[in-house]
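Below is one structure; the comments refer to it alone.
The values are calculated or read from the model by the stated rules, or taken from the named source; none is laboratory data. All of these numbers come straight from a predicted model, not from anything done at the bench. As a convention, Cβ positions derive from the backbone with ideal geometry for all residues, glycine included, and neighbour counts pool all protein chains shown.
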Amino acid sequence: MNPAFYLTILFVHNCTSLGAEEARAKKFLDGLNKRAEDRTYRLKMAKWGYDSNITDSNLQQVITVTSKLSEEEKQDWQELMKFDWQSFQDYDLKRQFEKNSHLVLGSLPKDKIKRYNTIVSEMTKIYSTSKICAFDDPTKCDLALEPDLVNILANSRNPDQLKHVWVEWRNAVGPHCKNLFSEYVELGNEAARLGNFTDTSDQWLHSYEDSKIMDKVEELWKQLRPLYLQIHAYVRTHLRKTYGDLVTEKGPIPAHLLGNMWSQSWRNLAKFILPFPDKRDEDLTEELKKQNYTYLKIFKTAEDFFKSINLTALPESFWKNSILKKPADRQIVCHASAWDFGNRKDFRIKQCTETTIQNFVTAHHEMGHVEYYIQYKDQPITYRKGANKGFHEAVGDLISLSVQSRKHLRKIGLLTSQDDDPESTMNTLFSMGLEKIVMLPFTYLMDLWRRDVFKGKTTPDNYNCKWWELREQYQGVEPPVERSEEDFDPAAKFHTVASIPYLRYFVSIVIQFQFHQAVCEKAGQFVRNDPTKPLHECDIYRSTEAGNALKKMLQMGSSRPWPDAFEVLTGQRHMDGTALLEYFKPLQNWLEAENKKTGAFIGWEKSTKAELICTFNQGDFNLRSVWHGSVAVRVVLEYHKPVHPPERTSPTST
């Protein structure tokens, strides 16, 4: 008999078997998605209960629910892995199976799952409940991060007060989290390996579907670093005028002087060092207060923007269930966040809103997350995510680029001046640069540090050393006082203790400008090489063309690899800093000329303080430096046993 006949019969048989297997897989997947929706709702309700009311009983509820759901998830995973899903021909079916094939935390034994969740919850609790004493009143020890410390760092120009707040916040959080964090690293890595990843950092990068993503981010940083160096040089020069020799001419900038607890955004400095102070606009925070912007009016204004571009009005349940101002009767996790409860109808925001321009912008950002949730709610729950982790952050910030434009501020009555001259425009671009450009190195180094921690290259005995090496290398900042391995400064940032990856924010900053350029072109607000329609003046408010284009991308969720979704909106398939540089081109030209005129040093020399952490706080010796003029004489002050963080008996630390 003809061999071709046998091959035909075999092919038909295999296709028939595969078709039956895929039909069975689709039925299983339908059930899995329903169970996953239920698990998501139960988990989010437990976490919402704790984050909106920090009590021990609510914490135990989170741990109990998480452990139970992990067991259920593991049972589903075991059934899923019985399918030969790698051979499926149906693209969508195969993609959903692949996304569900990596069981991470649920692969641990029950006792370790419980311990992992307890550790993360305890670190978050320490962060969210810590308080410090006032600089000028040691008996007043109820200052919380938000709003108390945030406001002091934003508005005070007293270097001693700023140093006090900076140091005491880290004393209140870091030492109490260090041992917990090192245990969290071990458990997280064990879970990642059981989930077929090399470590937690490998797991975190998986959603980018690109093994070279960190190399590409490094290239993007090199593309954008020259602009950062210009801003850094300008700011350092002007801080020297305020603080004298406290700020060196060529060294890193002391971190406590930059208007932000983490020196990640320097926007609060704008009111002190504007390029053209005589062309200062209204204080937008004061204008919001003058116009009686309550927390509710801020969020209604944000909703109006999204509705104006043909996105979706928020359901009544959003306004009923969200927490949009800080309650007076309980402690909550004040870090602003948006929530998708997985049932296609319950979406919320939790934000301790103050009437400030920063909170006004943050409200638009968080509502961007909610709009993304709403647009992809009809996807299978497996796909209800951003196309990659940076997409979600970029969508809210994309809207904020329009919201912060002078054109838009004038439309909604927050900016009363009618004309834009080059100097006023430069002030606005400078303020934006202190946020967007300045954020780039911090968003990158956060996960560079954690990558080496998860890979074992950075160990608990040099956590702080490596942290400050990266802070100096990428940001050009240094601590205001000497630090040692008794300190654990990375824990002063919420995302560290809450186990939230941070590279997404770097990706977000880059791609939001590519998104912005695309929607602005669709709105007719930006035309390449047309000086009358520059990118930084674009406002897509009320442009349904822009909104409809954005909606197409949002509705995809993560159903396709992110370059596919990216191409739907931008026509491009790669991240690129060109759009960002286009937006800030006038600012970069001005900074280069100004820094040249003043002779500002571009870049920075090595920090003695940062170097001392790594070189002279080792082993069992407490080494400190004694300053003699400008020379640090390093001496051994005392011999001590290895340090163990003190027991934390109270959320209040002095």
Revision key, fill the gap. Being assigned to a helix (DSSP H, G or I), surrounded by fewer than 17 Cβ atoms within 10 Å (Cβ to Cβ) and basic (K, R) narrows K34, K47, K82 down to just K34
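So that you can scan it fast, the table gives a plain yes or no per residue for (1) modelled with pLDDT of 95 or more; (2) not aliphatic (A, V, I, L, M):
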position: Q96; (1), (2): yes, yes
position: H102; (1), (2): no, yes
position: L105; (1), (2): no, no
position: L108; (1), (2): no, no
position: Y127; (1), (2): yes, yes
position: S130; (1), (2): yes, yes
position: A134; (1), (2): yes, no
position: L143; (1), (2): yes, no
Exercise for review: Within segment 53-66, identify whether any single residue is part of a loop (DSSP other than H, G, I, E, B), modelled with pLDDT of 95 or more, touching a strand residue (DSSP E or B) at 6+ places or on another chain (Cβ under 6 Å) and among the polar types (S, T, N, Q), and answer yes or no.
Suggested key: no
Point to revise | Residue list for segment 325-367, filter: small (G, A, S), within 15 Å of the chain's Cα centre (by Cα) and farther than 19 Å from F305 by Cβ | key: S337
Point to revise | For N179: the one exception among (1) over 30 Å from K112 (Cα atoms); (2) touching a residue at least 12 places away in the same chain (Cβ under 8 Å); (3) surrounded by fewer than 18 Cβ atoms within 10 Å (Cβ to Cβ) | key: (1)
Study note, to complete from the structure: In segment 198-229, anything of a type in the set (S, T, Y) and assigned to a helix (DSSP H, G or I) is listed as T200, S201, S207, Y208, Y228
Exercise for review: Go through segment 314-414 and tell me which helices (runs of 4 or more DSSP H), entirely inside it, have 3 or more residues that are crowded, with 22+ Cβ neighbours inside 10 Å.
Suggested key: 357-375, 389-403
Study note, to complete from the structure: Counting only residues in segment 553-600 that are among the polar types (S, T, N, Q) and in a helix (DSSP H, G or I), the one farthest from the chain's Cα centre (by Cα) is identified as T598
Check your understanding: Which of the following residues is out of contact with any strand residue (DSSP E or B) (no Cβ under 7 Å at 6 or more places or on another chain), under 18 Å from T353 (Cβ atoms) and surrounded by 15 or more Cβ atoms within 10 Å (Cβ to Cβ): L227, L296, L288, L274?
Key -> L288
Exercise for review: Read through the list (1) touching a residue at least 12 places away in the same chain (Cβ under 8 Å); (2) in contact with a helix residue (DSSP H, G or I) (Cβ under 6 Å, 6 or more places away or on another chain), then give the number of the only condition that R573 fails.
Suggested key: (1)
Point to revise | Complete set of residues in segment 440-453 that are farther than 16 Å from D489 by Cα and surrounded by 21 or more Cβ atoms within 10 Å (Cβ to Cβ) | key: L440, P441, Y444
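Could we say that V527 is within 29 Å of P586 (Cα to Cα), assigned to a loop (DSSP other than H, G, I, E, B) and in the same structural domain as E146 (by TED's automatic domain parsing) here? Can you show your working first?
Numbers: within 29 Å of P586 (Cα to Cα): yes; assigned to a loop (DSSP other than H, G, I, E, B): yes; in the same structural domain as E146 (by TED's automatic domain parsing): yes.
Taking the combined requirement at face value, the residue satisfies it.
Please work out if M261 is closer than 30 Å to P327 by Cβ and either outside the structural domain of K389 (by TED's automatic domain parsing) or of a type in the set (A, V, I, L, M, F, W, C) (or both). Full working, then the answer.
On the way: closer than 30 Å to P327 by Cβ: yes; either outside the structural domain of K389 (by TED's automatic domain parsing) or of a type in the set (A, V, I, L, M, F, W, C) (or both): yes.
Taking the combined requirement at face value, the residue satisfies it.
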